[in-house]
1. Test of understanding: what is the full-extension gain from residue 60 to residue 188, defined as 0.36 nm times their sequence separation minus their Cα-Cα distance?
2. How large is log10 of I(q)/I(0) for the chain at q = 0.12, 0.14 Å⁻¹ when the intensity is taken from the Debye formula with one equal scatterer per alpha-carbon?
3. Rounded to two decimal places and with Rh computed the Kirkwood way over Cα pairs, what is Rg over Rh for the range 209-290?
4. If I take all pairs of Cα atoms in the range 1-67, what percentage of them are more than 16 Å from each other?
5. Quick one: work out Rg over Rh on the C-alpha atoms of the range 144-212, Rh as Kirkwood radius.
6. Mean separation of Cα pairs under 8 Å and 6+ residues apart, divided by the residue count of the range 194-401: what relative contact order is that in percent?
7. Kindly state, to the nearest 0.05, the FRET efficiency for residue 68 paired with residue 175, given R0 = 25 Å and r defined as their beta-carbon distance.
8. If you wrap the range 96-194's Cα atoms in a convex hull and average its projection over all directions, what's the area in nm²?
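No lab work stands behind these numbers, since they all come straight from the coordinates. These numbers were taken from a predicted model, which means no experiment stands behind them. Cβ coordinates were reconstructed from backbone atoms using ideal geometry, including for glycine residues, and neighbour counts include every protein chain displayed.
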């Protein structure tokens, strides 16, 4: 048990470091733009470059490294991230900064996916949902602590300081991974097995559920600060406190969803999407009164990251013994959903309908809920399998059957 906890802690640390990097640029845009002599709009493309690296580069890296030993791959990916962070910290030009961001992003999806795969293999099968949420808590902690602290450091010591800190933290993560991860042999699956699994209908439906469902959250969350100030009448300081509470709720929601997924994956994923649909549908009315607005924000925080463990559990269930590419694509689906939701929210705000972003989010979450019934058909009580991968025999037969 102690070795399993140490391995999960090491993987969680790596996810925390990588998760902090994703949104760090947003908090240091003014100083970055002024130092590298680009507009803030141009500087924001560093976020876009990273996102594209995750969505496009992640599956490519996952395929290229499919036959490598898992522990060595995890350490190598973290070293790649450290190299990208160092390039970003030392970048003399904006173009070189983009290079550093892309280099870092190439490790993001595969490391996260690999962390999930390794996590479920160091715990008993009935604890796989808890293992997934433990690793994913590194991502929620990054949003709650890593990004705000990185922004504070950047504003106090210059925009390069957070990237230097990430480089140092990456080295620490490498040491933890080397010390705590058990040695795992290279998978026997071939790259074409990974490709075949990711094109199976249940896996594609699970990935679509992730993209559509998560876009329902981001269509609201991207614009939640102006929603709370302009519609609810909160002060900027009060909004900051609410967002901190939102982040704390996200940590709790993620961990709770992991434990619930161990009991029933289908009930958890449907319960989360049902709850999200209800909260988002009520949001346009709740924000009109400050007490109900506070309750809605807290509930949204609890439910938002509660999607991570069951959605990744869906992938792990259907991907069998070739899960890395599918999990990496699913990580990209979270990013794609975030981008799509933000874009849709922007259109709604531009149409002077800021208050009604929740209605659009509810519609998307409802579609995500409907997709779960295609991915996980109803089963008799007691027959719901855990969130982990299928047995090697079942997985191998499913791969061979599609040859």
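1. Answer, rounded to one decimal: 44.2 nm.
2. -0.92, -1.26
3. A ratio of 1.02.
4. Tail of the P(r) past 16 Å holds 63 percent of the pairs.
5. For the range 144-212, the value is 1.20.
6. For the range 194-401, the relative contact order is 42 percent.
7. The value I calculate is 0.80.
8. Result: a mean projected hull area of 8.4 nm².
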